[in-house]
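S.K.: Okay, handing you the structure first.
The values are calculated or read from the model by the stated rules, or taken from the named source; none is laboratory data. Owing to the predicted nature of the structure, the values given are computational and were not obtained by experimental measurement. Neighbour counts are summed over all protein chains in view; Cβ atoms, including those assigned to glycine, are modelled from backbone coordinates with ideal geometry. All accessible areas refer to the heavy atoms of the entire protein, side chains included, with ligands and DNA or RNA removed. Shrake-Rupley method; radii C 1.70, N 1.55, O 1.52, S 1.80 Å.
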Amino acid sequence: MCRRVEAAEPSARYRRIGDAAHVALLAAIVAYAADVSRLMQGRSPWLSFDSEWTRDGFCMPHDEVPLLTTHERSGFFMIAMSLLGFGLMRILKDETGRMDDATERVKWALVGAIGHASGHFILAVTKRNGLLPSGEVSAMDEFLAEDCNWVTFAKHIPGYFLFWIPLVKTYMYNVSSNSVALFAFVVNVLGMQMPLKFGFSYTLIVLFAGQALDQLFLPRCQKGFEYRLWPLITLLPNFILSVLESQLCTGSEVFRTHGHLIFDGYMAASYSAYYFCCWLWNRGVAKAEKVA
């Protein structure tokens, strides 16, 4: 069902740009996933992955501090930016329906950001208490180990219900709940087969690819300005930052200083920036219509 208030179909230019951006993202994701797979198999990758990123799967310059590790800094910042985003949506609330498409995207994205932040807090706590296993093992390795016990199940099984289902839904909000549950089950099982240190890359690939597909299959009447702007402000820059993190973890002063917080900080802030840009554009359209 279309939520746009304009009677006319959105400009074909918006649709073409949005479609091209999402297709480009999918192509980049496939290439990146193939290269990470080569790295996992011990083959020479095409990209020059940083040694620290290869070891941890993140840039973690603050891991040795007693409090406010990189995980915790990312978590707190993402929650703060998410609350700011919800506040901005309330302040710029539009009663005409022009902001419905932007509101739908940003609402789900902010919920996903809070879930993302929760994941960082869980990683910080498990690592501090010695519960985080070696990044070289997979979840399936833990299940098949002789010392497998209830702690192993407590660490991994709830993740399907508390992590994958909610997070997939926030990225693929146009898909039915049953389809989300099935997709989340498949990606959860596949994710258990790979080393834990590549969990972030795997999650990123799954969620970004899922959202690109979710957006591409929107009806034409929902592919307006907001559709075009979404990948240009959020998905594509976020993906580029994640690739840069994997390459420049120790080779760049910025990443050496701030690490994974750069990626998470931009991701959380981009949703508010997107919403504000859509609000400015819709306000301009409304003024133009009054003059006409």
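S.K.: Please state which of the following conditions residue 135 fails to meet, knowing it meets all the rest: (1) part of a loop (DSSP other than H, G, I, E, B); (2) more than 20 Å from residue 206 (Cα to Cα); (3) modelled with pLDDT under 85.
M.R.: The number of the failed condition is (2).
S.K.: Please find, within segment 64-77, the residue that is modelled with the lowest pLDDT out of those that are out of contact with any Gly (no Cβ under 8 Å at 6 or more places or on another chain) and among the hydrophobic types (A, V, I, L, M, F, W, C).
M.R.: Restricting to residues being out of contact with any Gly (no Cβ under 8 Å at 6 or more places or on another chain) and among the hydrophobic types (A, V, I, L, M, F, W, C), the top hit is 65.
S.K.: Please determine, by comparing only the residues of segment 19-60 that are in contact with an Asp or Glu (Cβ under 9 Å, 6 or more places away or on another chain) and not hydrophobic (A, V, I, L, M, F, W, C), which one is least open to solvent (accessible area, probe 1.4 Å).
M.R.: Only one residue fits best here, namely 50.
S.K.: Select from segment 61-76 the residues that are surrounded by 18 or more Cβ atoms within 10 Å (Cβ to Cβ) and not in a loop (DSSP other than H, G, I, E, B) and list them in ascending order.
M.R.: Matches in segment 61-76: 70, 71, 72, 73, 74, 75.
S.K.: Kindly evaluate residue 48 against the criterion of being among the hydroxyl-bearing types (Ser, Thr, Tyr) and not in a helix (DSSP H, G or I).
M.R.: Judged against the criteria, residue 48 is a match.
S.K.: Follow-up. Name, by its number, the condition in (1) open to solvent by 40 Å² or more (accessible area, probe 1.4 Å); (2) β-branched (Val, Ile, Thr); (3) part of a helix (DSSP H, G or I) that does not hold for residue 126.
M.R.: (1)
S.K.: Please specify each residue of segment 161-219 satisfying the condition of being surrounded by fewer than 19 Cβ atoms within 10 Å (Cβ to Cβ), in contact with a Lys or Arg (Cβ under 9 Å, 6 or more places away or on another chain), within 16 Å of residue 105 (Cα to Cα) and not hydrophobic (A, V, I, L, M, F, W, C).
M.R.: Within segment 161-219, 173 is the sole residue that qualifies.
S.K.: What's the total number of residues in segment 254-292 that are touching a Pro at 6+ places or on another chain (Cβ under 8 Å), open to solvent by 30 Å² or more (accessible area, probe 1.4 Å) and of a type outside the set (Val, Ile, Thr)?
M.R.: Qualifying residue count, segment 254-292: 3.
S.K.: Right, here's the next one. Test residue 236 against the stated conditions and say whether it is modelled with pLDDT of 95 or more, farther than 24 Å from residue 90 by Cα and touching an Asp or Glu at 6+ places or on another chain (Cβ under 8 Å).
M.R.: For residue 236, the condition - modelled with pLDDT of 95 or more, farther than 24 Å from residue 90 by Cα and touching an Asp or Glu at 6+ places or on another chain (Cβ under 8 Å) - is not met.
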